[in-house]
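What follows is a short report on a single structure.
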Amino acid sequence: MTIRFHRRGKEKGGSAAMNRRMFLMTTTLAGVTTNAMLGSASFASSAVLDEAQGASLLRMIQDIYPHPDVLQVSHYEAIAATVMKNAEADAATASGLTDGLARIDAKAQELFGTPYTGIEDPDAREGLLRHFQDEGFFQGVRWTAYFGIYDNKEVWPLFGYEGSSVEHGGYIDRGFSDITFVPEGPTLEERMADVQA
Amino acid sequence: MTKFDLNDDNVVVIIGSGAGGGTLANELAQKGVKSVVLEAGKRFDLSDIENDEWAMFQKISWLDKRYSGGGWHGAVNHPTLPAWIVKGYGGSTIHWAGVALRFKDFEFKTRSTYGEIDGANVEDWPIDLAEMTPWYEKAELKMGVTGRTTGMPHLPWNNGFRVLAEGCRRTGRSDYRSGPMAINSVERDGRPACQQIGFCMQGCAIGAKWSTMYTELPRAEDTGNCEVRTDAMVLRIEHDDAGKVNAVVYADSEGNQHRQKARVVCVAGNSIESPRMLLNSASAMFPDGLANSSGQVGKNYMNHTTGGVYAVLPEKVHMHRGTSVAGIVGDEVYHDASRGFSGGYYLEFLSLGLPFMAAFLEPGNTGWGRSVAGALENYDRMSGVWVLGEDLAQERNAITLHGSETDQYGLPVPVVSKTPHNNDYEMTAHMYETSAQIYEAVGATDVYELPAYPATHNMGTNRMHADPAKGVVNAYGQTHDIDNLFVSDGSQFTSSAACNPTLTIVALAIRQAEYIAQEMNAQNI
Ligand SMILES: Cc1cc2nc3c(=O)[nH]c(=O)nc-3n(C[C@H](O)[C@H](O)[C@H](O)COP(=O)(O)OP(=O)(O)OC[C@H]3O[C@@H](n4cnc5c(N)ncnc54)[C@H](O)[C@@H]3O)c2cc1C
Ligand code: SF4
């Protein structure tokens, strides 16, 4: 169903790390979703979604790529704003989105007796969204989130990715071989000897 | 720049400007043989290269309509992208990573070595390693491959490869090196040494890596014997009443059609487009397509038996710093039926940037959620390999023409079908387990298996065979059916071997150029 682990290590840092993450996902973000977010101008001004749907969309984006320790809510809000802008520009996208969000809520009511944003357990929210993952509106939101996070030069440093290097003369003097937990590679002399032997 | 007349029927027309076509063009030009290279894509130069995965994908990839078929996961997850190749001046040698390995002797003789395999169409090449060795040396000198032929040392080891190498050492392996790569480790041939920029597969912005874009093609043009016409998409190859090919019809960027006469035609459009061109050139005399009396045109499509393995290490690795394929493990390249499969495989360290890692860790609609996001938070502690092994020829793996749908040129859209053989399943299981053990020996916590990416190595769809009933071309890439029609790219491969194909494509192109010049001089073609 999801990512293929060949073997999965024991969760490092034990339950403390996990708990912090669970805490953030179930409380902080959920809280933000319904409080701070709704005050944000970009959402209030959306011509496509009402406030509740805006909250659902933001929650959905967070559930698609949850990075509570790495990203700020503002990162997710920016993605939600892009989704809304795209919807404003295209009627079919707009109706696909509003209809999709409505069906997510309906399914949440059916399974849990609450709207989607009211579900506290992140696994339950993810499981709910899995029902919709093959649909166009979902993948539209998902790829917008993908580009907004993983192809976003401002976000890259938060994941330890440094990107383009040609303007800095490459990584040759910027740590391409600087780790210390494994031995160094062969010296130039050794590499010369290897090809001349 | 030289221009040849459309009515000049003394030229060799080469279709495609990548590894096969670009090399052939320069070799012929150096011998004084006149050629016109028709290239479907645009003209690129070093200033087009950006250190950006998606930007380069958008800029240079072949994105014309194409479908994935068959039983591989890509038919669902990459339905319109069976292969990742370049459309442009230089072909896929802009993207390629530079790994330049030779076939092993047994890999030319798979039928003799493996015997008959159920469901597969395994055959021996009409040439062997002894015959190819001098041509491999010529190719290595031309491309600037680190190693004994050039005397250039292999590249320095980057972080990602050091982790892999240490895992290899701890698991008793010995054949792990940072080469052979067609990347300058020192200044050579007017090109600089590698500056560990990374992004090799987005094109090397300084030209340290060999590419026909800034080596073979400009050198061919400089002789005055070669004209490269870009934005020239070949629609069909024509022949005379005697069954000899005599012209090539192509469309320019405005869609206007032109007809270039030819004395010899060489097809080098990569293994999907090359058979597609032959099939699209069917005529009353050749109703099944040109050079297809064997019925093997388009069949036996091979890429490689592949997957990715990424491991999370206890400390930071920063795998993206430096050469994308920074090292190669060759310990598993042998044939031993007791492993449960035929043929062997390589492990090649391969860094992916965060964008590609996030797209390929779990491709398709399911690739989101907490486990994917959690894994990506370990990005800077990852090291990984691309595993690639021999893919057996199967008739059902084929390039076929769509029955009703056409592309922007009005040509039927190609459908690329690939269904793994049992051999592939056995081999990939072995590859994943070996890679996991190597990484666990250096303390990997999590190990992820990535399924095959869209194919970058395409082979076999106009295969070589001594017997005209079993293959499309002879040992020189000359079609069995039409003396002055040649195949000059990876589509002539009889077997895929475990190694990356380009060095062999280049070696065959150099050898073919000798043969074509000789046969033209002798007035045989
Ligand atoms: C990301 C990536 C990494 C790779 N890494 C390696 C590596 O490390 N080592 C290795 O050995 N190989 C590698 N490869 C594979 C290597 O690039 C190919 O094997 C090689 O370039 C194939 O050569 P070719 O001549 O068959 O085709 P190409 O180099 O693909 O050239 C074909 C050309 O023909 C043109 N063409 C097609 N149809 C037509 C038509 N109808 N009319 C006119 N022009 C046409 C295309 O536009 C293209 O420019 C890699 C490939 C990719 C994409
Ligand atoms: S690592 Fe070397 S070969 Fe690769 S892009 Fe950079 S300079 Fe070029």
>> I want to confirm something. Restricting to the range B:347-366 and keeping residues that are farther than 19 Å from B:GLU107 by Cβ and outside any loop (DSSP other than H, G, I, E, B), which single residue is nearest to ligand 2 (Cβ to nearest atom)?
In response: B:PHE349
> Condition test on B:ASN462, is it within 16 Å of ligand 2 (Cβ to nearest atom) and either in contact with a strand residue (DSSP E or B) (Cβ under 7 Å, 6 or more places away or on another chain) or in a loop (DSSP other than H, G, I, E, B) (or both)?
Replying inline: no
>> Please determine whether any residue of the range A:164-173 is at pLDDT below 95, in contact with a strand residue (DSSP E or B) (Cβ under 6 Å, 6 or more places away or on another chain) and at the interface with chain B (Cβ under 7 Å from one of its Cβ atoms).
In response: no
> Is it true that B:THR2 is among the hydroxyl-bearing types (Ser, Thr, Tyr), more than 14 Å from chain A (Cβ to nearest Cβ) and either in a helix (DSSP H, G or I) or under 30 Å from B:SER417 (Cα atoms) (or both)?
Replying inline: no
> So which residues in the range B:153-167 are crowded, with 24+ Cβ neighbours inside 10 Å and touching a helix residue (DSSP H, G or I) at 6+ places or on another chain (Cβ under 9 Å), if there are any at all?
Replying inline: B:HIS154, B:LEU155, B:TRP157, B:VAL163, B:LEU164, B:GLY167
>> Just to check your reading of the model, which residue among A:PHE132, A:PHE137, A:PHE181 is aromatic (Phe, Trp, Tyr) and at the interface with chain B (Cβ under 8 Å from one of its Cβ atoms)?
In response: A:PHE181
> Exactly one of (1) of a type in the set (Phe, Trp, Tyr); (2) within 14 Å of chain A (Cβ to nearest Cβ); (3) within 19 Å of the chain's Cα centre (by Cα) is unmet by B:PHE161. Its number?
Replying inline: (3)
> Residues in the range B:187-233 that are more than 16 Å from ligand 2 (Cβ to nearest atom) and more than 17 Å from B:ARG43 (Cβ to Cβ): how many?
Replying inline: 3
> Within the range B:187-218, which residues are hydrophobic (A, V, I, L, M, F, W, C), within 14 Å of B:THR323 (Cα to Cα) and either at the interface with chain A (Cβ under 9 Å from one of its Cβ atoms) or not in a helix (DSSP H, G or I) (or both)?
Replying inline: B:ALA193, B:CYS194, B:ILE197, B:PHE199, B:CYS204, B:ALA205, B:ILE206, B:ALA208, B:TRP210
> On the given criteria, is B:ARG236 more than 16 Å from ligand 2 (Cβ to nearest atom), more than 14 Å from chain A (Cβ to nearest Cβ), open to solvent by 40 Å² or more (accessible area, probe 1.4 Å) and in a helix (DSSP H, G or I)?
Replying inline: no
> Do we find that A:PHE137 is open to solvent by 40 Å² or more (accessible area, probe 1.4 Å), in a helix (DSSP H, G or I) and in contact with a Ser or Thr (Cβ under 9 Å, 6 or more places away or on another chain) in this structure?
Replying inline: no
> If you take the residues of the range B:407-432 that are farther than 30 Å from B:MET233 by Cα and loosely packed, with under 15 Cβ neighbours inside 10 Å, which of them is nearest to the other protein chains (Cβ to nearest Cβ)?
Replying inline: B:ALA429
>> Looking only at the range B:76-95, filter to residues that are open to solvent by 30 Å² or more (accessible area, probe 1.4 Å) and hydrophobic (A, V, I, L, M, F, W, C); which one of those is nearest to ligand 2 (Cβ to nearest atom)?
In response: B:TRP84
>> Need the failing condition index for A:PHE112 against (1) of a type outside the set (Asp, Glu); (2) free of Cβ contacts under 8 Å to residues at least 24 places away in the same chain; (3) more than 14 Å from chain B (Cβ to nearest Cβ); (4) open to solvent by less than 40 Å² (accessible area, probe 1.4 Å), just the number.
In response: (4)
> Of the residues B:GLY322, B:GLY340, which is at positive phi, within 16 Å of ligand 2 (Cβ to nearest atom) and out of contact with any strand residue (DSSP E or B) (no Cβ under 7 Å at 6 or more places or on another chain)?
Replying inline: B:GLY322
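The values are calculated or read from the model by the stated rules, or taken from the named source; none is laboratory data. On a predicted model such as this, the values are computed, not experimentally measured, just so you know. So basically every Cβ, Gly included, is an ideal-geometry build from the backbone, and we count neighbours across all protein chains shown. What goes into the accessible areas is simple: the full protein's heavy atoms, side chains included, and nothing from ligands, DNA or RNA. Shrake-Rupley method; radii C 1.70, N 1.55, O 1.52, S 1.80 Å.
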